[in-house]
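This report concerns only the one structure given below.
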Amino acid sequence: MPEPIIQVSRLTKVYRVPERAPGLGASIRSLFKPQHSDVPAVTDISFSVEPGEIVGLIGPNGAGKTTTLKMLSGLLYPTSGEAQVAGFTPWQRQPDYLRRISMVMGNRSALNWDIPPLDSFQVLSQIYHVPSDQYRQTLDELIATLDMEALLKKPVRNLSLGERMKCELVAGLLYQPDIMFLDEPTLGLDVAMQRRLRTFLKAYNLQHTVTVILTSHYMADVTALCPRVMLIHHGQLIYDGALHTLAARLAPFKLVRLQFSAPVEDFDNFVAQWSAVEQLPLENGSRTLRVPRADVPQVTARLLESLPVADLSVEDPPIEAVIDQIYAEGTL
C-alpha cells in the first residue's frame, strides 16, 4: 500500500475565549482582571488519507470541520497533536508545501475584490511560478467547464456568491496542487452548476490523482464524490469509513417501493404477515414498505408471487435521514 499523504495524530485545537458579565462595572473589572474560558473545537482526532482519495469531512455546524481544514492547511496552529501532509508540517507554512496544496472556502475570498478575476489569476500564476503554456491551458479548461467566460472582466465585488465560487475554484486549481481542501465548494451554486462542479471534481481527481478532503452541508456533494466519510461531532471523530457502511449500520432496513397494475384489496392485512415490516404513507400512488435488510429477499419474492406488481424497487434510506439521526443523537 502507498504511504498516506495525510497523517494526523491526536490533533487538538482549543480556543481561549474572553468572558465577562454584562454591565459597566463588569466591563471595568475585565480591564484589570480579564476572565477567559477554554472552548475545545477539535479534540484528539487521528486519521490518515491515501494519495488520490476523496474524503468527505461531515458534521453539523460548529463540529470542528473548518478548524480541522485550517490546521491541515497551516492557517491555524494546533493546541496539541501532530500532522504530516505530503511530508510537511502544515503550520510551518513552507513555500514548497504551499505550492502543493490548495484551500477553497465557500465563505472566504482569496481574490482581490476591486479587480477582475482574470487579473488575480495572472498574479497567482506568477506567485506559483506556473509556466505560461500550462497556465493558459488550465485556465481555458476551467473557464469552459464552469461556463464563466462572462465573469472574467467584472470586479469580484460585483459577482454573485455562486459566480465568485467559480472564480475561487479556478484560483485554487491554476497551479495544479496535489492536495485540495474544499470547504463548502458548492455554496451558492444552482442545482445544475452543483452537478457540473461535482462531475468536474471527480474527473479532475481521476486525471491528476489529486487528494481531496471536502466539507459540505449538501449531502449530494458527499454521496456523489466521497466513497469514504469522516464524521466529526462536538470536535470528536466518531466515524471514519465507507459512506454506505454508515448508512447500513444506522438504518438496518431497506425501502421497498411498489406500484400495482391492478387494485389490491386488503393490502394492510397482507403486509401484517411480517411483524417487522412497516408500511409508510401512500405517496403519489406508490406503496412503500420499510423492510429489515435480512428479510428483503423473502418479502420481495412473496410480493411478486402474490400481487399484481407493475414495478418494484429496493432502495437504501436517504443518507440525509441517516446523518440527521446522528446529529440529533450525537453518537453512533
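Key figures
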{"read-out": "Only Lys, Arg (+1) and Asp, Glu (-1) charged, at Cβ; the range 9-167 dipole about Cα centre in debye", "value": "820"}
{"read-out": "Accessible carbon and sulfur surface of the range 195-264 relative to its total accessible area, %, 1.4 Å", "value": "57"}
{"read-out": "Estimated FRET transfer efficiency when R0 is 41 angstrom, pair residue 77-residue 140 (beta carbons, to 0.05)", "value": "0.60"}
{"read-out": "Eligible aspartates and glutamates near residue 33 by straight Cα distance, threshold 12 Å, same-chain separation 8 or greater", "value": "19"}
{"read-out": "Length-normalised contact order for the chain - Cα pairs under 8 Å, 6+ apart - percent", "value": "18"}
{"read-out": "Farthest toward positive dipole pole in the range 37-123 [+1 Lys/Arg, -1 Asp/Glu at C-beta], among 101, 79, 45", "value": "101"}
{"read-out": "Of (i) 1.14; (ii) 1.05; (iii) 1.25, the label for Cα Rg over 2.2 N^0.38 Å derived from the coordinates", "value": "(iii)"}
{"read-out": "Whole-Hz couplings from phi, Karplus 6.51/-1.76/1.60, listed for the range 187-197; x for Gly and Pro", "value": "4, x, 8, 6, 4, 5, 6, 4, 5, 5, 5"}
{"read-out": "Cα-based helix-to-principal-axis angle, 319-329 vs the chain, degrees rounded to 10", "value": "70"}
{"read-out": "Between 0 and 90°, nearest 10: helix 296-306 axis offset from the chain longest Cα axis", "value": "40"}
{"read-out": "Global geometry of the range 34-115, whether rounded, prolate or oblate, following the gyration tensor of its Cα atoms and the 1.5 cut on a/c", "value": "rounded"}
{"read-out": "Gyration tensor verdict on the range 188-332 (Cα atoms; rounded if a/c is under 1.5, prolate if a/b is larger than b/c, oblate otherwise)", "value": "prolate"}
{"read-out": "Phi-based couplings in Hz for the range 273-286 (Karplus 6.51, -1.76, 1.60; Gly and Pro marked x)", "value": "5, 10, 5, 8, 8, 10, 8, 8, x, 4, 9, 6, x, 9"}
{"read-out": "Of all accessible heavy-atom area on the range 8-151, the percent that carbon and sulfur account for (1.4 Å)", "value": "52"}
{"read-out": "Selection of chymotrypsin sites (Phe, Trp or Tyr not before Pro), the range 189-282, meeting DSSP coil and at most 15 other Cβ within 10 Å", "value": "274"}
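The values are calculated or read from the model by the stated rules, or taken from the named source; none is laboratory data. Fair warning: this is a prediction, and the values are worked out from it, not measured in the lab. All Cβ positions, glycine included, derive from the backbone under ideal geometry; neighbour counts span all protein chains shown. Heads up: the accessible areas ignore ligands, DNA and RNA and are worked out on the full protein's heavy atoms, side chains in. Shrake-Rupley method; radii C 1.70, N 1.55, O 1.52, S 1.80 Å.
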